[in-house]
Amino acid sequence: MAVDNGAYRNEDNDTYWVDHSEAGTIGIIRFEDLTSSPLFDLRLAESARGHGYGVHALNEATRHVFSTMPTVHRFEGTTREDNIAMRKTFLAAGWVKEAHYREGWPVSEGFALDSVGYAVLRSDWEAGVTTPVRWDDLP
Ligand SMILES: CC(C)(COP(=O)(O)OP(=O)(O)OC[C@H]1O[C@@H](n2cnc3c(N)ncnc32)[C@H](O)[C@@H]1OP(=O)(O)O)[C@@H](O)C(=O)NCCC(=O)NCCS
């Protein structure tokens with residue numbers, strides 16, 4: 001069972017309820033790969049979606065990672081191409097799209113969809129800036 005295996009809380013994983021000062025508990029966030037390059041899975045309750053809470057939760061998750069894990073210099077997240085709400089949430093929080101894996105997200109029926117990767121750097125977070133990827137880096 002995932003709980004027994006430490007998928008929610010062990011050296012590498014950690015999980016928190018997402019609490020809103022007025023709306024109460026509105027979701028859950030699970031951090032993974034905390035000992036290497038952390039990433040996360042954020043899930044708001046259906047009733048809490050569509051209110052713009054996602055960007056606040058992501059900002060708070062970013063603050064948590066960078067302020068409690070001094071050796072972590074980047075924080076990552078991946079979502080499916082058709083998860084427009086999450087993709088817009090990443091951008092609204094100042095994260096940068098770093099990867100677009102075509103057909104990288106298997107679906108149980110039909111063709112695989114694309115997987116899209118975003119990240120935020122500690123240096124950007126500390127400076128309050130968003131640095132784009134240098135795509136044209138080949139001499
Ligand atoms: C993804 C999630 C965290 C986003 O948080 P949220 O607070 O519900 O986000 P919002 O509904 O406010 O949407 C964010 C933006 O996407 C837009 N959006 C949402 N659904 C959209 C759609 N189907 N088409 C176009 N735009 C859409 C919103 O209009 C908003 O745009 P704006 O910032 O320009 O106003 C939340 O919806 C959620 O928990 N979903 C289920 C779990 C999930 O998919 N988690 C991601 C895995 S990492």
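FYI, it's all coordinate maths here, none of it is from the lab. None of the values given here were measured: they were computed from a predicted structure. Note: ideal-geometry Cβ built from the backbone for every residue, glycine included; neighbour counts use all protein chains shown.
Tabulated results
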item	result
Amide proton proximity set for L113, modelled H, under 5 Å, gap of 5+	W105, V107
Distance between the stretch 9-75 and the stretch 86-139 - C-alpha centres, whole angstrom	17 Å
Within the stretch 5-32: backbone nitrogen closer than 18 Å to the H56 label point (7 Å, Cα to C-beta)	16-29
Per DSSP, loop chymotrypsin sites (Phe, Trp or Tyr not before Pro) in the stretch 46-115 with at most 14 further Cβ within 10 Å	F111
Summed residue charge, Cβ within 13 Å of D114's Cβ, Lys/Arg positive, Asp/Glu negative	+1
For the stretch 14-127, projected area of the alpha-carbon convex hull averaged over all directions, nm²	7.8 nm²
Approximate shape of the stretch 1-81 as ellipsoid semi-axes (Cα gyration tensor, √5λ), whole Å, largest first	21, 16, 12
GNM flexibility winner over the chain from N13, N83, N59 (Cα, springs under 10 Å)	N83
Per-residue ³J(HN,Hα) for the stretch 96-106, Karplus 6.51 cos²θ - 1.76 cosθ + 1.60, θ = phi - 60°, Hz, x for Gly and Pro	10, 6, 10, 8, 9, 8, 5, 6, x, 10, x
